[in-house]
Every structure is written in structure tokens, then in C-alpha cells.
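What follows is calculated from the coordinates using simple rules that are stated; it is not laboratory data. Note that the structure is predicted; figures quoted are calculated from it, not measured. Every residue, glycine as well, gets a Cβ built from its backbone with ideal geometry; the counts of neighbours run over all protein chains shown.
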């Protein structure tokens with residue numbers, strides 16, 4: 001999929017502003033940022049919309065990213081940007097301190113999950129042996145996307161099936177990201193699952209991560225989840 005550099009920057013801005021405000025992003029706001037006319041921005045937005053990267057939820061509203069738009073953003077984010085975000089994020093240090101203070105593998109995993117909940121506002125999860133540890137359900141459901149009870153029910157169905165899916169499918173990448181409709185279960189739940197694989201005394205394919213709305217600060221959350229997996233593997237292997 002080919003888009004111009006300006007279209008890419010507009011998409012980036014829409015993704016990041018929407019993550020921050022949870023409100024559709026309008027052409028007037030974007031025109032001020034890019035120092036061009038609103039008509040120029042509307043034309044660029046129309047191209048991004050035709051490519052399926054953004055959508056207009058209501059006729060009078062601005063634009064929001066689609067699942068495809070988030071996927072394009074994540075694929076082109078790059079490890080450099082993610083690492084830069086992780087390095088500057090005090091949350092990475094919080095995870096290190098809390099994980100390093102634990103003497104048992106299961107306790108280290110739990111505190112890492114709890115830290116992710118605190119730092120991201122999402123649901124945190126991890127596999128400990130054959131069990132799925134979850135924390136932060138209340139935090140997840142306070143986000144504006146889940147005012148709709150149907151979305152809450154869709155998330156509940158996803159969580160009911162998540163542990164067996166992880167066990168059977170065993171995603172193989174160090175960091176795995178499933179956005180919205182990409183989720184193999186709960187396709188209509190409008191959430192993103194970001195998980196890191198790590199080795200533990202329980203399994204060579206243990207997982208830690210978060211589940212939250214597709215509206216995410218992906219650079220930050222991906223960096224924190226990756227860092228949590230790396231820290232757990234490092235600390236647990238030393239025991």
C-alpha cells in the first residue's frame with residue numbers, strides 16, 4: 001500500500017491524537033498542525049479513507065483510525081521508535097524494580113502484570129503454568145469504548161477462550177500484536193491484544209501482555225510489554 005509522506009504523517013497524527021483524546025480528529029485541527037488549508041487536509045483524508053486506513057464515524061465528525069490504519073501504523077512504527085519510547089518511559093524502570101524484588105517466579109509474573117495494568121490502564125494478563133492470571137478488568141471497562149454493554153460481553157467471551165487459544169496456538173514471535181478483527185477469537189470486541197513470549201520455569205512459551213481498546217498508544221504499550229517479558233526472563237533465569 002503506497003501513501004505519500006504527508007499522508008503518512010496525517011495518519012500518524014490521527015492515530016496518536018485519537019489515542020490521547022478518544023475523539024474523532026477534524027480537518028481544521030490537522031490543518032493548523034500541518035500549516036495547510038482544511039481543504040487540502042480533507043483531500044488527504046479522503047485518500048486515506050479510500051484506502052481503508054481511517055473512517056468517519058458520523059457525517060459531522062472527524063476521522064478515526066480503522067483496524068487497517070492501526071496495523072499500518074504498527075508495521076511502520078519501527079523498533080527504533082519503540083525503543084526510544086521505552087527508554088524514555090519511567091514505566092520500564094517501575095517494572096524492573098518490582099520484578100527484581102520478587103524471589104519466586106509466579107510472584108514476579110504477577111507483579112509484572114499488575115505493573116502493566118497500572119501503567120497502561122488496560123487489562124493485564126499472563127500465563128502461570130496452566131493458568132491464566134488476569135488483573136485490571138475494572139480499569140479496562142472504565143475506558144470510553146466499553147460504555148456499550150455489547151462490547152463488554154464480546155470482551156468477556158474473548159477472555160473465556162483466551163487461555164486455551166494461547167495454549168493451542170502458541171504465538172511464536174517475541175512480541176505478538178492482534179488488532180481488532182485480527183483477533184482469532186472475539187473478532188467483534190474491538191480490542192487489541194499485545195503479548196510477549198518469554199521463557200519461565202513453567203514453559204518455554206509463557207506469555208505476558210495487555211488487552212485494551214484498539215485506541216492505544218502503541219509505541220508505549222508495545223515497549224512496556226516487550227520490556228516486561230524481557231525482565232521476567234532475565235530475573236527468573238537468574239533464580
Can you name the residue in region 26-51 that is in a loop (DSSP other than H, G, I, E, B) and over 28 Å from the mean Cα position of the chain (by Cα) and is also surrounded by the most Cβ atoms within 10 Å (Cβ to Cβ) among such residues? 36
Looking for whichever is in contact with a strand residue (DSSP E or B) (Cβ under 8 Å, 6 or more places away or on another chain) and loosely packed, with under 12 Cβ neighbours inside 10 Å here; the options are 173, 163, 168. Which one fits? 173
Test: residue 108 is touching a residue at least 24 places away in the same chain (Cβ under 8 Å) and under 18 Å from residue 221 (Cα atoms): no
